[in-house]
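Data first, discussion second: the structure below is written as structure tokens.
The values are calculated or read from the model by the stated rules, or taken from the named source; none is laboratory data. A quick note: this is a predicted structure, and the numbers were derived from the prediction, not measured. A quick note on method: Cβ atoms are made from the backbone with ideal geometry, for glycine too, and the neighbour counts reach across all protein chains shown. These area figures cover heavy atoms from the full protein model, side chains too; ligands, DNA and RNA do not enter into them. Shrake-Rupley method; radii C 1.70, N 1.55, O 1.52, S 1.80 Å.
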Amino acid sequence: MPRARPLVLVSNRAPIGFSFGPDGGLEAHRGAGGLVTALRPLVDRHDVTWVASAMTDADREVAARGARDERSAAGSSFRLRFVSHDPGVYRLFYGVVANPVLWFVQHGLWNLKQDPDADLEPPWQDGYVEANRALAAAAVEELDRVPEAPVFVQDYHLYLVSALVRAARPEARIAHFVHIPWVGPDGWAVLPPAIPRAIHEGLLACDSVGFHTERWRSAFVESCEALLGRGAEAESCSHANPITVDAGEFARLVAGRGVRARREEVVARRPEILVLRVDRIDPAKNAVRGFEAFGLLLEQEPALRGRVGLVALLEPSREEIPEYVDYRLAVEAAAADVNRRFARPGWEPVVLDVRDDFLASVAAYAEYDVLLVNPIMDGLNLVAKEAPLVNMRDGVTILSRDAGAFEELAPWVVGIDPLDVEGQAAALKQAIELPPEERRSWLEAIRSHVRTHDLEAWAARELELLDERAPLRA
Ligand code: G6P
């Protein structure tokens, strides 16, 4: 086991969020999402201070009381330091720049943006830069308590933090992990040039920069060269290290009471052939084209009507952002359209379930025959790794070639082009008809890949690479 060492983690979302309970008291909720899950082994093994944004009023109340000791799901203690932003600053940072701009640019969604020509300079300066400054200042203060600690910054919300920490503490050892795709110079060209330049300079202030795939890493090298003429530096400080999921945790979940009860409900209502998708409602996840492809399959294959059903478990996400509200409406309309065309008594082709219930997703993972994962682009996609771990029906995965996970799982999935609806309908047919031996061997292969490339190894590699690139002085 690696020795415990101090570590300062910086992310926008904290591993724990707070709300006010009915009696007005503070209630803690475990933060969800891939990023928080991924960092868990670091919290469980090391002496972690986690710096994150206060996102709710209750978080802000916690922030006002100063840093506090918290416990992870596994019971390890860590220090949580919330940073409160002015609500106007936070809205510009999260709701105008980080999501509808950076997330959209980095997922090839810029055309869907409501106002692509809006002047981005003010929200960039007054929102993104300000919020990054506040988190960097808190990280520097935490670093002063433990000067030998590496600073490990996460994701697209915080591209400027490393450079700000570096300016304040030139000796700091800093790593950044980007959990979303990286695009080449053409992708960045839609933004005012000063913004991508600051983003690339920010990352190059790190000692070590991680991506989920070689494809995103090489796009980073290419854009560093094109924008700053610093491709060689980017080459030497970056790496691909795909994240994964905790196989043990999924084995425990599927055996637990919460999942068992929900699984009975799925079994009671399941069609003969169950196609499943599990996603956040996000334009990048491409649910609308998935429904269209399913409708096309039913149109082309009358014999499947009444036998196959698509269950979509979709979690509401970022609903303060207009593009996400519009996309939710489009998702609901696309699902309703398939049902309007094909439903008949006793058979509803698409069951759309919009809620946040992770255990229900795990229960459905056990029961699918086909798993549809068709994002337009995705840094990795954890569903493609989680679901096969617990599936009990030799289910087949259909996976977008533009999801990072495709780089690892390609031999054992039906690959699709996420923009090609006809191709997805054909892939659904192919997956449904795949011979049993192949179904089983593909599923087994995915499982064994996920079990052998575990989260511990991911976290250990991040720290090893940082140590190599910025050796710890004795
Ligand atoms: C997804 C992405 C992560 C990102 C997170 C932020 O999980 O894969 O890269 O950090 O969303 O989500 P939030 O709910 O905080 O906007």
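Tell me, yes or no, whether the range 333-356 has at least one residue that is within 30 Å of Pro87 (Cβ to Cβ), away from the ligand (no atom under 15 Å from the Cβ) and surrounded by fewer than 20 Cβ atoms within 10 Å (Cβ to Cβ).
Initial filter on the range 333-356 (within 30 Å of Pro87 (Cβ to Cβ)): 354-356.
If we keep only those that are away from the ligand (no atom under 15 Å from the Cβ) as well, we get 354-355.
Now drop any that are not surrounded by fewer than 20 Cβ atoms within 10 Å (Cβ to Cβ), which leaves 354-355.
Yes, because at least one residue in the range 333-356 is within 30 Å of Pro87 (Cβ to Cβ), away from the ligand (no atom under 15 Å from the Cβ) and surrounded by fewer than 20 Cβ atoms within 10 Å (Cβ to Cβ).
Taking the conditions (1) farther than 30 Å from Pro116 by Cβ; (2) surrounded by 19 or more Cβ atoms within 10 Å (Cβ to Cβ) in turn, Ala293 satisfies each one other than (1). Candidates are the residues of the range 146-169 that are in a loop (DSSP other than H, G, I, E, B) and open to solvent by 40 Å² or more (accessible area, probe 1.4 Å); the one that is nearest to the ligand (Cβ to nearest atom) is Arg169. If the condition is being open to solvent by 20 Å² or more (accessible area, probe 1.4 Å), closer than 30 Å to Arg5 by Cβ and outside any strand (DSSP E or B), then the range 78-118 contributes only Ser84.
Taken over the range 358-398, the criterion of being farther than 15 Å from Arg260 by Cβ, open to solvent by 10 Å² or more (accessible area, probe 1.4 Å) and assigned to a helix (DSSP H, G or I) is satisfied by Val383, Glu386, Leu389. Scanning the range 1-27 for residues that are closer than 12 Å to Gln154 by Cβ and either open to solvent by 50 Å² or more (accessible area, probe 1.4 Å) or within 16 Å of the ligand (Cβ to nearest atom) (or both) returns Leu9, Val10, Ser11, Asn12, Arg13, Ala14, Pro15. Tell me, please, whether a residue that is open to solvent by less than 10 Å² (accessible area, probe 1.4 Å) and at positive phi can be found in the range 273-286. Within the range 273-286 (the criterion being open to solvent by less than 10 Å² (accessible area, probe 1.4 Å) and at positive phi), the answer is yes, since at least one residue qualifies.
For the range 28-54, the tally of residues that are within 14 Å of the ligand (Cβ to nearest atom), open to solvent by less than 50 Å² (accessible area, probe 1.4 Å), among the aliphatic types (A, V, I, L, M) and not in a strand (DSSP E or B) stands at 5. When Val183 is tested against (1) part of a helix (DSSP H, G or I); (2) within 16 Å of the ligand (Cβ to nearest atom); (3) not charged (D, E, K, R), only condition (1) is not met.
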